[in-house]
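Colleague: Take a look at this one; I'll ask things after.
Values quoted throughout were computed directly from the atomic coordinates according to the rules given, and no laboratory measurement underlies them. Since the structure is predicted, the reported quantities are computational estimates derived from the model, not experimental observations. So basically every Cβ, Gly included, is an ideal-geometry build from the backbone, and we count neighbours across all protein chains shown.
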């Protein structure tokens with residue numbers, strides 16, 4: 001094999017290596033693009049979920065504020081009295097459980 005043939009063979013190998021490197025770079029770029037797309041989708045899903053949760057929370061807070069705006073001490077007292085009259089057994093059980101737990105907390 002003479003010098004010219006060696007140079008041609010080296011040139012051929014160099015071009016082949018360049019082609020392989022270019023091909024691998026394209027594959028890596030494609031994979032990076034796919035990963036970027038998946039990350040973007042995941043972030044969008046998380047943000048949508050958070051926004052939905054915030055909407056629900058905001059609605060519940062609005063309902064609670066409306067409840068307190070519409071109520072006064074007398075109407076709350078009347079509601080509690082009505083509940084006690086309607087469910088005396090459950091109210092007594094709840095009061096006993098609350099008293100027991102409250103006593104435990106205070107005794108520590």
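Colleague: Evaluate the following for residue 45: is it surrounded by fewer than 10 Cβ atoms within 10 Å (Cβ to Cβ) and either within 35 Å of the chain's Cα centre (by Cα) or not in a helix (DSSP H, G or I) (or both)?
Modeller: Criteria not met by residue 45.
Colleague: Same structure again: Just checking, which of 79, 55, 74 is loosely packed, with under 10 Cβ neighbours inside 10 Å and either in contact (Cβ under 8 Å) with a residue 12 or more places away in the chain or assigned to a helix (DSSP H, G or I) (or both)?
Modeller: Just one listed residue meets the conditions, 74.
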